[in-house]
1. Would you check if there is a residue in segment 83-92 being under 30 Å from L197 (Cβ atoms), within 16 Å of the ligand (Cβ to nearest atom) and in contact with a Leu (Cβ under 9 Å, 6 or more places away or on another chain)?
2. Residues that are within 16 Å of the ligand (Cβ to nearest atom) and surrounded by 13 or more Cβ atoms within 10 Å (Cβ to Cβ): list the helices (runs of 4 or more DSSP H) wholly contained in segment 1-73 that include at least 3 such residues.
Amino acid sequence: MTKLLHLDASPRGPRSHTRTLTDDFVTRWVSQRSEVTVAHRDLGVRPPPHVTEGWIAAAFADPATRTPQMRADLAVSEDLVDELLGTDVLVLGVPMYNFGIPAMLKAYIDQIVRVGRTFGFDPEAENPYTPLLPAGKRAYVIVSTGDSGYQSGGPLAGLNQVEPYLRTVFGFIGLDDLEFVYAGNDEFGGERLSASLAAAHDRVAELAV
Ligand SMILES: Cc1cc2nc3c(=O)[nH]c(=O)nc-3n(C[C@H](O)[C@H](O)[C@H](O)COP(=O)(O)O)c2cc1C
């Protein structure tokens, strides 16, 4: 059984290009397989909570010493980490907001990057950090932007804080097999937008096999 986790980070509904593209990806991917489960999280509409004083104290406490309140403070995080640990393939729809990821996705990332659960920390070790996600996971990240040319080698690549950040943070916990697909020109519309969306759907069709 292969498990796919589908995350959407756009607060837009049918107008969202990332949603349309992640839906296309998941539909194609599922149609090629028999033994699959798909979980969907709508981070754009129902984002996880931001971390709090209680969350931070609990996350960095020895698990054996956690109080019932501390465990309650970490309940959402534990569920999201368990889900991610059990996922084989991650499909992520990411609107570019102010050159980076939307706050709703950052709230999710703050919940799943957890000492002792998704990364290890040993202050005595030469390299204190160890990624803890099991090997073999893969992520497909579909990014939509108002302008275009943010992909590697493009004229606006230097402004792109989405891809470098996601590669860094997912690599830190052990997921370094990430494939990015870009759609652009949302703010221009017309032929420029439709050509970009068509190319992104073509790329999705190539990848979702
Ligand atoms: C708050 C906000 C910030 C944005 N910042 C950028 C940006 O920095 N660069 C860019 O090219 N487009 C930017 N856009 C445009 C979005 O990236 C674009 O509309 C994209 O298609 C949104 O994804 P969605 O269609 O899935 O909702 C921004 C849009 C919003 C609402």
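1. Scanning segment 83-92, I find at least one residue that is under 30 Å from L197 (Cβ atoms), within 16 Å of the ligand (Cβ to nearest atom) and in contact with a Leu (Cβ under 9 Å, 6 or more places away or on another chain), so the answer is yes.
2. By residue number, 17-31.
Throughout, read-outs are computed from the coordinates displayed, never taken from laboratory work. Quantities reported herein were computed from a predicted structural model and do not represent experimental measurements. No Cβ is skipped: glycine too gets one built from the backbone with ideal geometry, and neighbour counts run over all protein chains shown.
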